[in-house]
1. Rounded to the nearest 0.05, what FRET efficiency is calculated for Ala33 and Thr117 with R0 set to 41 Å and r the Cβ-Cβ distance?
2. For the pairs Lys172/Lys222; Lys172/Lys209; Lys172/Lys205, flag any whose C-alpha to C-alpha distance is greater than 26 Å.
3. Which of Asp166, Asp229, Asp45, Asp184 has the fewest other C-beta atoms within 10 Å, and how do the rest follow up to the most?
4. Per residue of region 197-207, what does 6.51 cos²θ - 1.76 cosθ + 1.60 with θ = phi - 60° give for ³J(HN,Hα)? Whole Hz please, x for Gly and Pro, Karplus curve as stated.
5. Rounded to whole Hz and in sequence order, give me ³J(HN,Hα) for region 40-47 from the Karplus expression 6.51 cos²θ - 1.76 cosθ + 1.60, θ = phi - 60°, writing x for Gly and Pro.
6. What shape does region 149-196 take by its C-alpha gyration tensor, where a ≥ b ≥ c are the square roots of the eigenvalues and a/c under 1.5 counts as rounded, a/b above b/c as prolate, and the rest as oblate?
7. Along region 243-250, what does the Karplus equation 6.51 cos²θ - 1.76 cosθ + 1.60 (θ = phi - 60°) give for ³J(HN,Hα), rounded to whole Hz, x for Gly and Pro?
8. Based on other C-beta atoms within 10 Å, arrange Tyr87, Tyr181 from fewest to most.
Amino acid sequence: MKKIALLASALILLASAVFAAEPAKPAVSLTSADCVKCHAKAPADIEAKGRAHKTKITCQDCHNGHPPTNRKIIPLCGQCHEGKAHYKLGGCLQCHKNPHQPKEIVFGRDVTDPCLTCHTPQIAQLKQFPSKHSKLACSFCHDVHGKVPQCTQCHKAHSAEQGPGDCKKCHKAHQPKNVVYAADTPSKQCAACHAKAFSLLTASKAKHKTLLCVTCHQEKHKMVPKCQDCHGIPHAAGIMAKFPKCADCHGIAHDLNNWKAAPAAAPAPAEPVKKAVAPKKK
Ligand code: HEC
Ligand code: HEC
Ligand code: HEC
Ligand code: HEC
Ligand code: HEC
Ligand code: HEC
Ligand code: HEC
Ligand code: HEC
Ligand code: HEC
Ligand code: HEC
Ligand code: HEC
Ligand code: HEC
């Protein structure tokens with residue numbers, strides 16, 4: 001109570017000082033320039049990082065009056081911010097910790113719904129392609145607003161040769177199990193998990209060794225091509241009818257024409273074969 005009385009007289013003193021300096025004005029009141037005389041932190045905060053709260057409004061646009069005359073001088077954000085889904089969230093000050101520095105935003109690692117007031121494509125992907133990432137909160141990964149983490153912050157690479165930049169060749173953060181890759185993905189990237197296919201192919205003498213894994217296994221992980229997607233009808237109809245499986249003579253795609261491994265009885269086709277065609281783009 002003593003404090004309030006003191007304040008009241010201090011404010012009256014201040015007011016009369018202002019009054020003395022500007023005798024033309026009939027009534028006097030506190031201006032935003034006066035606040036700093038008693039409050040150091042708020043003006044300093046606004047000066048440093050007030051942004052629009054410094055440039056577009058004054059102290060008194062938010063603080064209307066002053067104790068003891070007016071005791072309710074803390075504004076609600078909604079007085080000025082309305083009309084967007086984001087402004088309907090509760091607890092503005094939970095993230096915008098300091099109203100005098102509105103863009104210094106801090107939040108915990110369990111936030112999802114408030115993010116959706118501004119970002120929607122990511123949640124759509126997380127739902128459409130369920131994975132363990134779909135169960136994480138947005139801010140578990142984006143712990144500072146606008147920060148994009150590296151995958152390797154939380155995961156090991158598949159091989160020592162992979163760097164943090166390689167993950168995006170095959171994965172997208174919001175649909176990590178939907179592995180889709182570009183047509184120039186180096187075979188070494190696949191070799192991290194398919195060592196056998198890689199070593200068979202690179203050791204083979206047949207022309208398939210010049211192809212990238214992804215030239216045949218196009219675009220999406222686990223896609224397996226048919227020989228005839230690229231080679232059409234390579235041999236005479238009679239042969240094709242009698243030996244419907246290419247593998248009966250040619251063996252597997254990664255180790256083609258390893259005649260020793262192929263069945264000994266396999267006869268040569270009676271007619272000259274057609275040239276192999278360029279791989280079809282899907
Ligand atoms: C003469 C010194 C003085 C001046 C000038 C002054 N204040 Fe204060 N202010 C105080 C004191 C002392 C308190 C604490 C009052 C209380 O707790 O009842 C206070 C409290 C406040 C509060 C907190 C109110 C609350 O409900 O917690 C705000 C906001 C505030 N002042 C804003 C301002 C603004 C804005 C200005 C400039 C327009 C200003 N003050 C000018 C001394 C001053
Ligand atoms: C965008 C509106 C807004 C503006 C502009 C603003 N304030 Fe505040 N101020 C608030 C809110 C909201 C609170 C209550 C914060 C809380 O509850 O944590 C507050 C709290 C205060 C307080 C009491 C708590 C503290 O930080 O000491 C003072 C004093 C204060 N403001 C002074 C000022 C002064 C001086 C200015 C101008 C330099 C100013 N404010 C500009 C919204 C504003
Ligand atoms: C007296 C009116 C008023 C109040 C109360 C107010 N603001 Fe603002 N705020 C503004 C204005 C005006 C702008 C600038 C808007 C614009 O340019 O469209 C702004 C801008 C902002 C910005 C963007 C700042 C920037 O520079 O990009 C944030 C964040 C913000 N306000 C948060 C808040 C929060 C949180 C509260 C409650 C603690 C609050 N505001 C209370 C008037 C207010
Ligand atoms: C979960 C944290 C969180 C909460 C709660 C929150 N905000 Fe925000 N707010 C943000 C983030 C993050 C931004 C984006 C900042 C940027 O653009 O860099 C933002 C931006 C803003 C902006 C500036 C951009 C714009 O779209 O206008 C305003 C104004 C704002 N918030 C007001 C509010 C108000 C009012 C509330 C309460 C009703 C609130 N915020 C609650 C996190 C939050
Ligand atoms: C008020 C609207 C708003 C809210 C709420 C908000 N953001 Fe943002 N966010 C933005 C804006 C605006 C940008 C800047 C966009 C740009 O630079 O293209 C941004 C940028 C980002 C970026 C960086 C994008 C990039 O391309 O580098 C990420 C990541 C992000 N936000 C995540 C989040 C997360 C997670 C949340 C919840 C904790 C959140 N945001 C809440 C408006 C918001
Ligand atoms: C597992 C960690 C993780 C989670 C959970 C996560 N993100 Fe991301 N986010 C990332 C990474 C990493 C990127 C960088 C782009 C990439 O690699 O695909 C990113 C990129 C972004 C971007 C930039 C634009 C874009 O789409 O590439 C925004 C905005 C964003 N995330 C928002 C969100 C929101 C909102 C949520 C929650 C609904 C969320 N993120 C959940 C890791 C995550
Ligand atoms: C902030 C940590 C974090 C970041 C960053 C992150 N992840 Fe994850 N990721 C996790 C967690 C936690 C799991 C679940 C692990 C578990 O339960 O075993 C997970 C699981 C996965 C899974 C398995 C999904 C499933 O449903 O089986 C894949 C794939 C994955 N992450 C890839 C990535 C890729 C690629 C990136 C970068 C774009 C990335 N992650 C970024 C934390 C993260
Ligand atoms: C050449 C494509 C490719 C690249 C590049 C790649 N991944 Fe993967 N990753 C996969 C495939 C395919 C799977 C799924 C295997 C399955 O179905 O079990 C996978 C699975 C995962 C998983 C799930 C757990 C596991 O080990 O099976 C995590 C985590 C993961 N990758 C993280 C990463 C990270 C981190 C990077 C970058 C350093 C990366 N990946 C680069 C193709 C790739
Ligand atoms: C993270 C390890 C990982 C990486 C990297 C990876 N794969 Fe796989 N791949 C797997 C697993 C696990 C399986 C499932 C094996 C099974 O079911 O026996 C698989 C299966 C396959 C299959 C067989 C599908 C079937 O129906 O039998 C093909 C083809 C394949 N991967 C091609 C690739 C290609 C091409 C790449 C490089 C772009 C690649 N993989 C990268 C882990 C990986
Ligand atoms: C994505 C397209 C594609 C697929 C699928 C494919 N090939 Fe090929 N194949 C080629 C190309 C390209 C060549 C090299 C042609 C050249 O250089 O003249 C080739 C060459 C060959 C050759 C000649 C080898 C040599 O060294 O002279 C044979 C035999 C062959 N393929 C059989 C097969 C069989 C059997 C399959 C299925 C197991 C198959 N191919 C699947 C594209 C493909
Ligand atoms: C010329 C096309 C072609 C190329 C190049 C190719 N594959 Fe295959 N792959 C096939 C075909 C066709 C099959 C189905 C089995 C068969 O007929 O040989 C197959 C089967 C597979 C399988 C499943 C069966 C197994 O062997 O485990 C995996 C995994 C695989 N390939 C991975 C790879 C990887 C990794 C590379 C690159 C090092 C690669 N492939 C290069 C055509 C190809
Ligand atoms: C009855 C055994 C047999 C069958 C079945 C067979 N081939 Fe052949 N193919 C051969 C022989 C032998 C050659 C000639 C090898 C050589 O010239 O080195 C050949 C050659 C080829 C060539 C190479 C043509 C060139 O110009 O170099 C291709 C491509 C080919 N076969 C694809 C296929 C495909 C695709 C199938 C399944 C639809 C298939 N073959 C089924 C025995 C067979």
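Nothing in this text is a laboratory measurement; each read-out follows from the coordinates by a stated rule. In this text, all values refer to a predicted model and were calculated from it rather than measured experimentally. A quick note on method: Cβ atoms are made from the backbone with ideal geometry, for glycine too, and the neighbour counts reach across all protein chains shown.
1. Numbers: r = 36 Å, r/R0 = 0.89.
Between Ala33 and Thr117 the formula returns 0.65.
2. Lys172/Lys209; Lys172/Lys205
3. Working: Asp166 20, Asp229 13, Asp45 17, Asp184 9.
Final ranking by Cβ density, sparse to dense: Asp184, Asp229, Asp45, Asp166.
4. Going residue by residue, I get 4, 5, 6, 4, 5, 5, 7, 5, 9, 6, 5 Hz, with x marking Gly and Pro.
5. Going residue by residue, I get 8, 5, 4, x, 5, 4, 5, 4 Hz, with x marking Gly and Pro.
6. Values: a/c = 1.80, a/b = 1.24, b/c = 1.45.
The shape class here is oblate.
7. My calculation for region 243-250 gives 10, x, 9, 4, 4, 4, 10, 8 Hz in order.
8. Working: Tyr87 13, Tyr181 19.
So the ranking, lowest neighbour count to highest, is Tyr87, Tyr181.
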